[in-house]
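First up is the structure itself, then whatever we jot down about it.
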Amino acid sequence: MKKAFVFLAGLLAVAILSYRHFRAAPSAGVDSTVVPAADVTRAPAMAPANPRLPVGDLPAAPPATEISPPDHEVLRRVALGDTNVFRLSAEQIQRFLARNRTNADSLLAAFNVTADPEFLREAARRHPNNPWVISSVLGNDVFPDQRREWIERFKQVAGENPLPNYLSAREHLQNQQSQQALQETVDAAAKPGFNDYTLDRTQGLEELYLSSGYSPAEAKALATMGVQEPALPVLRDLANDLSKMERQYAAVSDSASVAMIARLGLGLAANISDAGARSLGTRLLGAALERDFLTGLDPSGAYDFLQQPIGERLTQLRADRTAALEESKLANQWMATANETQLVSYFDRMKLYGEVAALQWARTQMDGNPKP
């Protein structure tokens, strides 16, 4: 049992360096590219009166006999990058949808595993006011012709969440509407309730794997490592766009605009650091974006939105990066000997408190682990 969990040695370090969480489509053992526009434009933006349930029309899936039964090799395969480990049979997905009456969680989980956009369309039809459904719809560009309509709906149903404004800002920038984009970013900065709904999607995905016969530790590992985080690429691109804009204003000596954009960008970087399950990967991405905005400022300038001098903060960010990489080594050491009960607790703590706090707890467990 214990040797089976050697799968996680090296896992976090690889995850950090590749930023595996920041993708716009599921890593479920299928084509993970964004669905082409030609495949999604035929669907209406809103729900028809009697939508067709897609359960009976799943795309071709490998026979159940080709899917390895749940065993302790599942976790090792995750570490080896075997994307087939995330796959489920059509029968397993159908049973889960029937048991959950195709609620939002189950449809999003089915989409995450299969990458079939019909599941996401069905979620949009049945649950058009569910914020994490809308977030997935926008992150995967399922209704490109109605994108602005969905963004405005998102603002209405998640009024205290800055995420809809960030998505709107990115849309405006793509349309060369810089002033509208800046206004959306200003509006986002006034909202305290950032949520990218990754934890909501993770919970539904975990329940799908549990219902398919996987152990609690396996289900939590598969859900945590396989969950889609569709908003993160958009947020990253928005931050990069704002950083470029900051430098453009600096080139014409518009110090007031530089300071304004830097303040907005630092707030966005902080939200990215807290996105998802607050993993080491999102922490490092947020820090990298923060560094970009800080280096666009006058290093000798005084800014009321900074809590410490720029040079001092940059030094701290470098130290934080080193510490994060050291934390990944700790995870490698501990998880190589962790038992299933400990791994269940680890993933639960990660969802509740973030990966850094979970690793701090793991440190307390290391001395108590029996030898493998």
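Laboratory data are not the source of any read-out in this text; all were calculated from the coordinates shown. Because the structure is predicted, anything quoted here is derived from the model rather than measured. Here the Cβ positions follow ideal geometry from the backbone for every residue, glycine too, while neighbour counts run over all protein chains shown.
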Could I have the simple spin-label model distance between residue 341 and residue 95, label points 7 Å from Cα toward Cβ, reported in nm to one decimal?
2.8
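Mind scanning 329/351; 155/220; 191/351; 155/351; 220/244 and naming the pairs with a C-alpha gap bigger than 28 Å?
Values: 329/351 20 Å; 155/220 31 Å; 191/351 23 Å; 155/351 25 Å; 220/244 39 Å.
155/220; 220/244, as the Cα separations exceed 28 Å there.
For a Förster distance of 22 Å, can you work out the FRET efficiency between the beta-carbons of residue 352 and residue 330, rounded to the nearest 0.05? All intermediate terms of the calculation are to be shown ahead of the outcome.
Details: r = 19 Å, r/R0 = 0.87.
Efficiency at R0 = 22 Å is approximately 0.70.
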Arrange the peptides 102-110, 290-298, 233-241 so that the one whose residues have, on average, the most other Cβ atoms within 10 Å appears first.
102-110, 233-241, 290-298
Give, as ranges by residue number, the residues of region 248-274 whose backbone N falls under 13 Å from the point 7 Å along Cα→Cβ of residue 313.
259-271
